[in-house]
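**Student:** Input: one structure, supplied below.
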Amino acid sequence: MNAPMSDREKALMGMGESRLRKEDARFIQGKGNYVDDIKLPNMVFMDIVRSPVAHARIKRINKEEALKIPGVLAVLTAEDLKPLKLHWMPTLAGDVQAVLADEKVHFQMQEVAVVIAEDRYAAADGVEAVEVEYEELQAVVDPFEALKPGAPVLREDLAGKTDGAHGKRYHHNHIFTWDAGDKEATDAAFANAAVTVKQDMFYPRVHPCPLETCGAVASFDPVRGELTTWLTSQAPHIVRTVVSMLSGIPESKVRIISPDIGGGFGNKVPIYPGYVCAIVASIVLGRPVKWIEDRIENISSTGFARDYHMTGELAATADGKILALRTNVIADHGAFDACADPTKFPAGMFHICSGSYDIPAAYCKVDGVYTNKAPGGVAYRCSFRVTEAVYLVERMVDVLAQKLNMDKAEIRAKNFIKREQFPYTSAFGFEYDSGDYQTALDKVLKAVDYKGLRAEQEVKRADPNCPTLMGIGLVTFTEVVGAGPSKICDILGVGMFDSCEIRVHPTGSAIARMGTISQGQGHQTTYAQIIATELGISSEVIQVEEGDTHTAPYGLGTYGSRSTPVAGAAIAMAARKIHAKAKKIAAHLLEVSEADLEWEIDRFKLRGNDDKFKTMKDIAWAAYNQPPPGLEPGLEAVHYYDPPNFTFPFGAYLCVVDIDKGTGDTKIRRFYALDDCGTRINPMIIEGQIHGGLTEGFAVAMGQLLSFDKQGNIQGNTLMDYFLPTAVETPKWETDYTVTPSPHHPLGAKGVAESPHVGSIPTFTSAMVDAFAHLGVTHFNMPHTSYRVWQQLKAVGIAI
Amino acid sequence: MEVVLDKKYPVAAGLDAGWAVLSNMHELATCMPGAQITEEIDATHYKGSVRVKVGPAVAAFAGTIEILILDPVARTLKMMGKGADKGGSSASMELTAKLVAAENGHSTLEGHAEVIVNGKFAQFGGRMMTSVSDMILMQFAEVFSQKAQALQGAATSAEGTGAASAAVFAAPIVAKEFNALAFIWALIRKFFADLFGRKN
């Protein structure tokens, strides 16, 4: 009965344990249940007719030939959706987006019509047979061209509207101007500074490209008036609310289910025209409709990321103390502003761009612009626009170091927010919760022998016959995650809280239902560990359910590293409500006062007496069968957690590259990543998240690119061109950590999944530029493919 | 996707024979494998088609050609061709072609083409566009030269009889369909030939 404490602790498999992932058993046996695995009786299939051109007027759509194909049931166009007022829909950013192109197409691969057929093949044949006549218009793919006075009007539906969702529009292709910080103080600091630097940089358009593409199975029951839709969504509750608002079906009769999701990375946050059309088709036909997009459709038309043209400036003293930061951004949002950000932040959390540094004055300005490209602007494995912000500040600190001939580590140490300054309010108004940047940096520099690396680089630079260029990249980043406090963060008016409902069964096992949805994060594993530690119930008997809006409490979903900071806190708070009730029951059972009890791993015991105790298992049974007089039976709790602040994970990353002077081929010799995500819940899952984030960071920095030609044709929308690294290309990762808990989070946890993506991308660029730094190069843009690096080698005259 | 090409090809015939081919839209069109004129609207407007075969799939481009300049003195042709297929690709080409005299009574065909391709072809074939256009033009020039040569030969042999038979235009064997698989193979061969050629 009285097993040693360490054994009891171990048996819980709670927080801090590298518990194996509970999800993997089904995934590695092919027993996952994704949207495309859903098969319903009488189900039909949908496919989409897409525009071959980027900008054109639709003169005519002829459905007749398509309707003649055996198996084709219906062809829907904007004209058919008009009576339902569903040919346009609101976006998350306060704009509207065409569900099916209404008179005009605005980007290549835009949805023009849908074909519904008895089988997938007939649907595809139907798509081929729909005849659309286009009158081509001049396409605009460059946001700077779009803002010129005589540029073609892209959004004729907005003609004459000078007020956008985020203030004044000063040009027909302009969406918004958003700024933060103190412009006057910043300008004054620049005017008086001893040293200033300025650098233009382009963070190109990339795509999260999850392994599973987007899709839906919509099933409307005309008898009951109920709509059930299985959807690839990172935020099923928000989808339910939007679907109810658009369709007029009461929210209680709309059920959205996100089953297993094969990766999201922000791509599965928006609501896509395909979802809406599948739902409409199911309502019209009274049959379940399945729509699954293919890879080309996914890369071409769903939420892209980045596409920020940034100019950074720093003002500093002659000895490298930064006095001010100024940035100006032209943000290419594509044809519709469907950027996925909290409503009040059209540039997301871009104002985290003062980074880990104590900068007294700062100002940033972002202008959103329409172009003839796919809409989006999702947070690709990062909190909203944080990747862009971190890239900007880390590049600028390098540029300043180069100008002052200072070492990258030295200039960072000189400007860090010091440990004793936390909580720290940045010039942009963020209140950083906790941090210890110097300790993290020192640990990394020591681990890699930084001085030794610099000495080696000196020798190589001095040798003209050396066949390689060596570069050392260094980044000390701070993220802002866990959106967010509902007083400032909402999506379509819904505050960004999250929720947890825990029910402890009479025999001591439990179920937790959550407002989030895992897409590979391992929630079923880690959430159970939090409950295990909080309630003393083994995580092996705790079920975690997410993604079904009929059973889960309302939550805002999983993106922006918000699951642990927000939902993780909700779990702790719900568990603590149960803990408090359990204590009353234990006191009743032991016939002592609550004040005489103490908690020990899995039980309440009489203070100082190891033999008088009640385990949580005993208490659970009693909660249902012998509750104290006056206390209602049962042992469950719900908590909706509205975070008081964001969390601020940080890290120090170092990368060493060797570039072949003949070919531009780059070897990542070393990548050392130290992360501080506060309290660590499952070290193995953290390690996995960091490996995944670093690999996606490597992909973005070294190869991923969505490019367009002048006519707006998307180049490289297949996996033959779009770079998804496999084990063959991926470098070896070395990971490390420090622990600086968040003071305002119930568990001290900060969230981790996105830090490695945010932090690694500027580290690669820092290393690549560092290889050329002795030749006077301060920056060149991603992706650092061999060809582009070779062009750089040619440009400075050292290609061999 | 826009490609601009400036090319010169030798024609194994004199200026007059070359111009006879260049100024006859029906003949000129059939120099291109898989292409033909389907309708003559008036002296400067035509309808035409190009068939491209990739394995079992055939893409048929249908479009219009407009003659912008036809100058027999400068022996210069300027034309604009536009076309689209049903599968979502479209193309346009503005071509200026000029015949100039070369040695041995031969001539040179100088061409300047601005080609814009949109849709699926532009999405998937972007990186190949320049090489593909190059290859198409090379084949075009080869057939052109053969036709001009045949015409000149016929004209010479028929000298005195007063008429060059129109039938000689049919002399070169021109594919009715442009076979993309065979073409891609030729492209790969050329790529490696260029690669090793350059190293040497």
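Every number here is computed from the coordinates shown, using simple stated rules; none is lab data. Note that this is a predicted model, so its numbers are computed, not measured. Here Cβ is always computed from backbone atoms with ideal geometry, including for glycine, and neighbour counts include all displayed protein chains.
**Student:** Rounded to whole Å and sorted largest first, what semi-axes of the equivalent ellipsoid does the C-alpha gyration tensor of segment A:493-556 yield via the square root of 5 times each eigenvalue?
**Tutor:** Numbers: eigenvalues 91, 32, 21 Å².
Gyration-tensor ellipsoid for segment A:493-556: 21, 13, 10 Å.
**Student:** Would you mind giving the mean number of other chain beta-carbons within 10 Å of the Cβ of each residue in A:122-133, as a whole number?
**Tutor:** Numbers: counts 0, 0, 0, 0, 0, 1, 3, 1, 1, 1, 2, 1.
Partner Cβ neighbours, averaged per residue: 1.
**Student:** Ignoring everything except DSSP H segments at least 4 long, calculate the 222 nm mean residue ellipticity for chain A; use -39,500 (n - 2.57) per segment, divide by total residues, nearest 500.
**Tutor:** Calculated at 222 nm, the ellipticity per residue is -8500 deg cm²/dmol.
**Student:** Would you please give the residues with an amide H less than 5 Å from that of A:HIS55, counting only those at least 5 places away or on a separate chain, with H modeled from the backbone geometry?
**Tutor:** Correct list: A:LEU137.
**Student:** Now a separate question. Pop out the ³J(HN,Hα) list for segment A:426-443 in order, Karplus 6.51 cos²θ - 1.76 cosθ + 1.60 with θ = phi - 60°, rounded to Hz; leave Gly and Pro as x.
**Tutor:** Using θ = phi - 60°, the values come out as 7, 4, 8, x, 5, 9, 5, 6, 7, x, 8, 6, 5, 4, 4, 4, 4, 5 Hz.
**Student:** Tell me, what does the Kirkwood hydrodynamic radius of segment A:9-133 come to in angstroms if you use every pair of distinct C-alpha atoms? Write down the numbers at each step before the final one.
**Tutor:** Numbers: mean 1/r = 0.0566 Å⁻¹.
Computed over Cα pairs of segment A:9-133, the Kirkwood hydrodynamic radius comes out at 17.7 Å.
**Student:** Semi-axes of the equivalent ellipsoid of segment A:695-800: what are they in whole Å, largest first, if each equals the square root of 5 times a C-alpha gyration tensor eigenvalue?
**Tutor:** Details: eigenvalues 200, 85, 37 Å².
Semi-axes, largest first: 32, 21, 14 Å.
**Student:** Then there is this: When you count, for each residue, the other Cβ atoms within 10 Å and take the mean per peptide, how do A:276-286, A:572-582 rank with the highest first? Present the calculation step by step, with values, prior to reporting the outcome.
**Tutor:** Numbers: A:276-286: 22.2, A:572-582: 20.6.
So the peptides A:276-286, A:572-582, ranked by packing, come out A:276-286, A:572-582.
**Student:** Now a separate question. Can you tell me the convex hull volume per residue for segment A:74-209, based on C-alpha atoms, in Å³ to the nearest whole number?
**Tutor:** It comes to 188 Å³ per residue, whole-number rounded.
**Student:** Could you work out the mean count of beta carbons from other protein chains within 10 Å of each residue's beta carbon in A:48-55? Mind showing how you got there, number by number?
**Tutor:** On the way: counts 0, 1, 2, 2, 12, 7, 2, 0.
Mean partner-chain Cβ count within 10 Å for A:48-55: 3.
**Student:** A follow-up question, please. Kindly give the semi-axes, whole Å and largest first, of the ellipsoid equivalent to chain A, taking each as the square root of 5 times a Cα gyration tensor eigenvalue. Let's see the in-between values first.
**Tutor:** Details: eigenvalues 352, 306, 109 Å².
Ellipsoid half-lengths, sorted descending, are 42, 39, 23 Å.
**Student:** Something else: Would you mind checking which residues have amide H under 5 Å from A:THR740's amide H? H placed 1.01 Å from N; only 5 or more apart, or other chain.
**Tutor:** For A:THR740, the qualifying residues are A:CYS677, A:GLY678.
**Student:** Please tell me which of these pairs span more than 18 angstrom C-alpha to C-alpha: A:LYS321/A:LYS403; A:LYS418/A:LYS443; A:LYS661/B:LYS190? The partial results should precede the final answer.
**Tutor:** Numbers: A:LYS321/A:LYS403 13 Å; A:LYS418/A:LYS443 16 Å; A:LYS661/B:LYS190 27 Å.
Table pairs above 18 Å Cα-Cα are A:LYS661/B:LYS190.
**Student:** Shifting gears a bit: Which of the residue pairs A:LYS104/A:LYS268; A:LYS168/A:LYS344; A:LYS414/A:LYS487; A:LYS59/A:LYS161; A:LYS408/A:LYS460; A:LYS487/A:LYS750 have a Cα-Cα distance greater than 23 Å in the structure shown?
**Tutor:** Numbers: A:LYS104/A:LYS268 26 Å; A:LYS168/A:LYS344 15 Å; A:LYS414/A:LYS487 35 Å; A:LYS59/A:LYS161 25 Å; A:LYS408/A:LYS460 19 Å; A:LYS487/A:LYS750 20 Å.
Where the Cα-Cα span goes over 23 Å, the pairs concerned are A:LYS104/A:LYS268; A:LYS414/A:LYS487; A:LYS59/A:LYS161.
**Student:** Listed here are the pairs B:LYS47/B:LYS78; B:LYS82/B:LYS120; A:LYS667/A:LYS732; A:LYS63/A:LYS710; A:LYS446/A:LYS667; A:LYS198/A:LYS710; which of them are more than 19 Å apart at the Cα?
**Tutor:** Numbers: B:LYS47/B:LYS78 16 Å; B:LYS82/B:LYS120 16 Å; A:LYS667/A:LYS732 11 Å; A:LYS63/A:LYS710 31 Å; A:LYS446/A:LYS667 22 Å; A:LYS198/A:LYS710 29 Å.
The answer is A:LYS63/A:LYS710; A:LYS446/A:LYS667; A:LYS198/A:LYS710.
**Student:** Can you give the average number of partner chain beta-carbon atoms within 10 Å of each beta-carbon in peptide A:715-722, as a whole number?
**Tutor:** On the way: counts 7, 4, 2, 2, 0, 2, 4, 0.
Across the residues of A:715-722, the mean count of other-chain Cβ atoms within 10 Å is 3.
**Student:** Another one. So for segment A:615-664, considering every pair of alpha-carbon atoms, how many percent are separated by more than 13 Å?
**Tutor:** On the way: 952 of 1225 pairs.
Value for segment A:615-664 (Cα pairs over 13 Å): 78 percent.
**Student:** Would you list the P(r) distribution for segment A:740-800, with all Cα-Cα distances sorted into 10 Å bins from 0 and each bin expressed as a whole %?
**Tutor:** Taking every Cα pair in segment A:740-800, the percentages come to 19, 36, 17, 15, 10, 3.
**Student:** What Kirkwood hydrodynamic radius do you get for segment A:613-771 when you take the inverse of the mean 1/r over all pairs of distinct Cα atoms, in Å?
**Tutor:** Numbers: mean 1/r = 0.0510 Å⁻¹.
Every distinct Cα pair counted, the radius reaches 19.6 Å.
**Student:** About the Cα centre of the protein assembly as shown, what is the dipole size in debye to 20, counting +1 per Lys and Arg Cβ and -1 per Asp and Glu Cβ, all else neutral? Mind dumping the intermediate values first?
**Tutor:** Details: 98 positive and 118 negative charges, 155 e Å.
Charge dipole, the protein assembly as shown, about its Cα centre: 740 debye, nearest 20.
**Student:** Quick check on packing: order A:35-48, B:141-154, A:430-443 by the mean number of other C-beta atoms within 10 Å, highest mean leading. Don't skip to the answer; put the middle values down first.
**Tutor:** Working: A:35-48: 18.1, B:141-154: 21.4, A:430-443: 19.9.
By packing density, highest mean first, the sequence is B:141-154, A:430-443, A:35-48.
**Student:** Ordered by residue, what ³J(HN,Hα) values in Hz, to whole numbers, does segment B:68-80 give under the Karplus form 6.51 cos²θ - 1.76 cosθ + 1.60, where θ = phi - 60° and Gly and Pro are x?
**Tutor:** Coupling constants for segment B:68-80: 8, 9, 9, 10, x, 6, 7, 6, 10, 10, 10, 9, 10 Hz.
**Student:** If packing is taken as the mean number of other Cβ atoms within 10 Å per residue, what is the order of A:116-125, A:687-696, A:461-470, highest first? Write out the running numbers ahead of the final one.
**Tutor:** Working: A:116-125: 18.9, A:687-696: 21.8, A:461-470: 13.4.
Listed from highest to lowest mean packing, they are A:687-696, A:116-125, A:461-470.
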